[in-house]
Structures are given as C-alpha cells and as structure tokens.
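In what follows, a single structure is set out as structure tokens and then discussed.
Read the figures in this text as sums done on the coordinates, not as results from a lab. Model, not experiment: these values are computed from the prediction. Here Cβ is always computed from backbone atoms with ideal geometry, including for glycine, and neighbour counts include all displayed protein chains.
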Amino acid sequence: MNNDIHRTIDAVWRIEAAKLIAGLTRITRDVGQAEELAQDALEAALRQWPESGIPEKPGAWLMQSAKNRAIDGIRRRVMQQKKHAEIGHELASQEQEMPDWDAALDDNVGDDVLRLIFTACHPVLSAEARAAMTLRMIGGLATDEIARAFLVAEPTMAQRIVRAKRTLSEAKVPFEVPRGEEMGARLGSVLEVVYLIFNEGYTATSGQDWVRPGLCDEALRLGRILAELAPHEPEVHGLVALMEIQASRLHARVAPNGEPILLMDQDRARWDHMLIRRGLAALDRAEREAAAQGIGLGPYVLQAEIAACHARAHTAAETDWTRIVAIYDALGHITPSPVVELNRAVAVSMAEGPAAGLVLVDALLDEPALKAYHLLPGVRGDLLFKLDRKAEAKAEFERAASLTRNARERTLLLQRAAEC
C-alpha cells in the first residue's frame with residue numbers, strides 16, 4: 001500500500017474513530033458491537049481507499065460502511081434462524097425495526113462522544129482497562145499501539161480490551177452522560193484516566209525511556225475534546241491547563257543521550273511557550289468558571305496553579321516556593337494523601353531550607369502507601385545530600401534505585417549515589 005495513503009487513512013481514523021464509535025454505540029447500545037463495526041469499516045477503507053482515493057467525507061463513508069456491515073449481519077442471522085418460507089416476512093419486519101442510520105450520519109456527535117468517554121471510563125472497569133478502552137475508542141489507537149505504550153504483550157492487552165467490553169455489556173452500562181452526584185463521581189473517573197495516560201507519557205513507570213511524548217499528545221487531545229464537550233466544568237479546564245504546562249517541558253526533560261533532566265536543572269529556553277500560553281489561558285478559564293459557579297478550586301485546578309508558578313518563573317531561582325507551599329496546603333485539605341504531603345515537603349525545603357523539608361519527609365517514613373514508592377527515598381536522599389550527610393544520602397539513593405522500574409531513572413539515582 002502507498003505509504004502516503006496509509007498515513008492519511010491513519011490520520012482520518014484518529015480523527016473520526018471517536019465520533020464513529022460513539023454514533024454506532026448510540027444506535028446499537030452495545031459498545032463492543034459498535035467497536036467491531038467501526039473496525040470492519042476501517043478494514044474496508046484500507047482495502048478500497050488506496051484504489052478509489054480518500055472520499056470527500058471520510059467520516060460519512062465509514063459510517064455508511066458500518067451500516068452496511070450491520071445490515072448484512074442482520075440478514076445473515078435471519079437466514080440462519082428462520083425457515084425459508086418465513087425469510088421474506090421476517091427480513092422486512094427486521095429492517096422496519098432497524099435503527100435510524102441516516103439520522104446517525106447527520107447527528108451532532110458532540111453529545112455522543114461525551115457519552116462514549118463516560119462509557120469507556122466507567123468505574124466498573126479497572127483503571128488499566130479504562131485507560132485501554134479510552135485509547136482504543138476515543139484515541140483511535142490499535143491494540144498493538146496501546147500494548148507498546150504500557151509495555152505489555154499485545155495478546156495481554158487484547159485480552160484486557162475484550163474483557164473490558166464484555167464487562168461493560170454484562171453490567172448493562174447505559175450509554176449516557178450521568179446526572180447529579182453521579183456526574184461528579186464519574187467525571188472524576190474520566191479525568192483520572194486522562195491524567196493517568198498523560199503521566200505515563202510524562203514520567204514512564206517502567207522501561208528504557210524516561211518520557212513517551214506520544215502518550216502525552218493523546219492525553220492532551222482527549223483533554224481538549226473533553227473541554228469542548230463540557231465547557232463549564234472547571235476541573236476539565238484545570239486538567240487541560242495542567243497537562244499543557246507540563247507538556248511544555250517535555251523537550252527540556254531529556255538530554256540528547258536520553259538521560260533525565262530534573263526540573264531545577266532544565267534549560268527553560270527549551271520550554272514550549274505556546275503550550276505555556278495555552279495552559280495559562282485554560283487555567284484562567286477554569287478559575288473564572290469556578291468563580292461564576294461559586295465553588296472552590298478542585299485538585300486539577302490547584303495542581304495547574306502549581307505548574308503555572310514554575311512556568312512564570314524565568315529562572316529556577318525566581319520560583320515562588322512560598323506560594324507553592326500555600327497551594328499544596330489547599331490541595332492537601334481537599335485531597336489529603338501522603339504523596340501530596342511528600343510534594344509539599346519538597347516545596348517547604350525549597351522555601352525554608354532542606355532541614356525543614358527533612359522533618360516533614362521523616363514524618364512520612366511509616367506511611368504504608370509510600371513503602372514501595374521510590375520517590376520517598378529519592379527525595380530524602382536529596383535533602384540529606386544538601387545537608388552534607390553523604391553516607392545517609394547514598395543509602396537513600398540506592399534504595400530509590402532499587403524501587404524504580406524505569407531504567408533511565410534508576411541510572412540517574414545510581415549516579416546521585418555515586419556523587420555521595
């Protein structure tokens with residue numbers, strides 16, 4: 001197949017997949033069947049478009065192809081299940097009861113995509129399954145791409161996706177945007193999945209690469225779609241702001257040899273200032289929406305404010321650490337967690353000195369949730385190093401290196417240990 005045509009089809013699929021699967025799910029009420037019909041339509045495009053060319057309206061072409069596949073399936077089932085004398089009557093009856101496919105072609109798909117996002121991120125699925133389903137149905141990624149992104153074997157990821165679709169079908173998850181209190185709970189699940197995908201790209205939990213920009217790009221795309229579909233949700237804009245600002249540092253986070261470069265050592269001239277401007281605009285939108293609704297700032301908005309403090313500082317020395325500590329205080333109040341406290345301890349160490357930070361870190365040493373968290377000994381090692389307690393720092397860096405599953409991060413921590 002011509003490579004240019006193949007790339008074009010791939011780009012079309014990434015753009016149209018969410019709308020196509022969303023429209024098909026609304027009609028079939030079965031996300032698994034909808035996804036299979038969409039894949040059938042993609043296979044038809046891969047066969048026909050290299051010969052016929054890309055249609056003027058590729059999304060409509062894919063929907064029409066899926067419609068034809070579905071009707072063919074209905075006819076086959078009728079042929080198999082009914083006696084020959086009954087076929088004509090049953091087929092006519094079945095086709096009279098078919099969904100309004102033509103309406104689906106013209107439907108404003110915004111609401112359908114939003115419903116699909118909430119379906120893919122339903123809490124009945126595990127966090128890993130939600131992420132896989134979101135990348136599959138909203139991101140338009142193939143199974144092998146998702147498997148590579150999360151460093152699992154393709155058969156393993158395929159099984160995970162099959163089980164997720166079966167779970168959604170068996171649980172009879174409605175294809176709808178939830179209302180009231182359930183909306184708040186489910187929105188949190190959606191944002192959690194999008195941020196999980198972004199974080200896996202921003203700091204890979206395992207493997208040979210420190211960052212995976214492709215995952216960050218997909219998460220940003222999902223966040224921007226969500227912001228368009230839910231324009232009055234402050235936390236959606238907060239998450240977009242957070243991801244935009246953090247993504248602005250991606251090129252500065254990695255040295256030419258692939259080694260990590262930590263925040264305070266980065267060349268800020270290499271930060272993407274267009275992404276920073278977009279992030280600050282999204283943060284302003286989030287704060288205005290919250291003020292208009294008379295509600296407090298949520299965790300993603302607060303985290304975006306912390307990211308904005310770094311983005312506004314022209315040099316590391318200009319960072320307003322006192323304000324960052326105050327924001328962490330607010331964040332810890334609404335979403336208390338040992339990880340937030342550890343991050344706050346780092347901010348306190350920068351604002352008041354390493355000794356003050358070490359006191360707070362030591363208070364977290366018995367936290368069960370942080371027992372296997374490599375950043376706890378990593379942070380403690382850094383503070384001990386700054387206090388010239390080199391032997392203790394070396395032991396902490398070595399412990400952190402033993403806990404991380406990322407090869408680049410392990411190398412960095414062992415280098416820190418050697419410096420001691």
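Couple of notes before you dig in:
- Residue-by-residue Karplus 3J(HN,Hα) for segment 122-138, coefficients 6.51, -1.76, 1.60, Hz, glycine and proline x: 5, x, 5, 9, 5, 4, 5, 5, 4, 4, 5, 5, 5, 5, 6, 8, 8
- Rounded, prolate or oblate (a/c below 1.5 giving rounded, otherwise prolate when a/b exceeds b/c) for segment 158-240 by Cα gyration tensor: oblate
- Extended-chain gain in nm, criterion 0.36 nm per residue less alpha-carbon gap, Glu43 and Arg270: 77.6 nm
- Estimated from helical segments only, the mean residue ellipticity of the chain at 222 nm is -23500 deg cm²/dmol, where each DSSP H run of four or more residues counts as -39500 (n - 2.57).
- Of Lys57/Lys165; Lys19/Lys172; Lys57/Lys172, those spanning more than 27 Å from alpha-carbon to alpha-carbon: Lys57/Lys165; Lys57/Lys172
- Sequence-distant aspartates and glutamates (8 or more away, or on other chains) whose Cα lies within less than 19 Å of Lys386: Asp265, Glu352, Asp362, Glu396, Glu398, Glu419
- Most mobile listed residue (Leu215, Leu383, Leu116) in the chain, GNM with C-alpha springs under 10 Å: Leu383
- Length added when fully stretched, Leu387-His6, from 0.36 nm per residue minus Cα-Cα: 131.4 nm
- At most 15 other Cβ within 10 Å, DSSP loop - GluC sites (Glu not before Pro), segment 162-213: Glu176
- Length available on full extension from Ala355 to Arg29: 0.36 nm per residue minus the Cα-Cα distance, which gives 111.5 nm.
- Highest-MSF residue in the chain out of Glu235, Glu392, Glu305 [GNM, Cα springs under 10 Å]: Glu392
- For segment 217-236 versus segment 177-215, the inter-centroid distance based on Cα atoms is 12 Å.
- For Val254, distant residues with modelled amide H under 5 Å away: Ile261
- Of all aspartates and glutamates in the structure, those lying under 13 Å Cα to Cα from Lys67, and not within fewer than 8 positions of it along the same chain, are Glu35, Glu36, Asp40, Glu95, Asp100, Asp102.
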